[in-house]
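Before any comments, here is the structure.
Nothing in this text is a laboratory measurement; each read-out follows from the coordinates by a stated rule. This one's a predicted model, so the numbers in the text were calculated from it and none came from an experiment. Positions of Cβ are generated from backbone atoms using ideal geometry, with glycine treated the same way; all protein chains shown enter the neighbour counts.
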Amino acid sequence: MGERRATIVRKTAETSIELTLDLDGTGTFAIDTGIGFFDHMLSHIAKHGVFDLELRATGDLHVDQHHTIEDCGIALGEALAVALGNKAGLVRAGSAYMPLDEALAFAAVDLSGRAYSVLELRLLGREVGGFEAHLLEHFLESFAHAAKLNMHVKTLAGVNDHHKAEACFKALARALDAACRMDPRRGGDIPSTKGTI
């Protein structure tokens, strides 16, 4: 098994992003996007996915948070796709439930090579820590598209938007951890009847 790691540098007129992802990490992270609540959500991807993630982003936050969040989703998705390589030997799919106090979330992913996301975060639309909560869905859509994966993330119960969002990100992280693991039974085979993903 080679190194499952990728570094993405993305620079546009709206954002500048440097991101490094190591799929075989220990859950360490250093994240600074200039958006505190968003950094908090991304930290769960690393910690609960047991990935190492370094992310530095500067964006046109004087306009709004949209471009920074979208481009971070693109960069993280591209990094995942590069780190996975040809996906030989992967488990490929994973799912997880995650409770957080009154909130309960479910996530399922398939590293299928086909980009599709179904999101039901059930956020109420209020700001959380100065963050427009609806942008989390846009981040997840951008991530799924760039990573070319199929992803379902749903809030099953909850009242508090912070709890619901955090449970969703933790569930997604655990689903990604399961899907990105190597399956020794495969002997390096591509996990698809088509022979390619």
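Quick look at the numbers
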quantity: The chain, dipole about Cα centre (Lys/Arg Cβ +1, Asp/Glu Cβ -1), debye to the nearest 20; calculated: 940
quantity: Neighbour-count ranking [beta-carbon atoms within 10 angstrom, fewest first] of ILE45, ILE190, ILE31; calculated: ILE190, ILE31, ILE45
quantity: Per-residue Cβ neighbour rank within 10 angstrom, fewest leading, HIS134, HIS145; calculated: HIS134, HIS145
quantity: Mean separation of Cα contacts under 8 Å (6+ apart) over length of the range 5-186, as relative contact order %; calculated: 27
quantity: Burial order of peptide ranges 182-188, 4-10, 149-155, 24-30 (average beta-carbon count within 10 Å, highest first); calculated: 149-155, 4-10, 24-30, 182-188
quantity: Residue exposure sequence - CYS180, CYS72, CYS168 - by fewest surrounding Cβ within 10 Å; calculated: CYS180, CYS72, CYS168
quantity: GNM flexibility winner over the chain from HIS62, HIS162, HIS44 (Cα, springs under 10 Å); calculated: HIS62
quantity: For the range 84-144 versus the range 1-32, the gap between their alpha-carbon centres in whole angstrom; calculated: 18
quantity: Largest to smallest principal axis extent of the C-alpha atoms in the chain, angstrom; calculated: 48, 39, 28
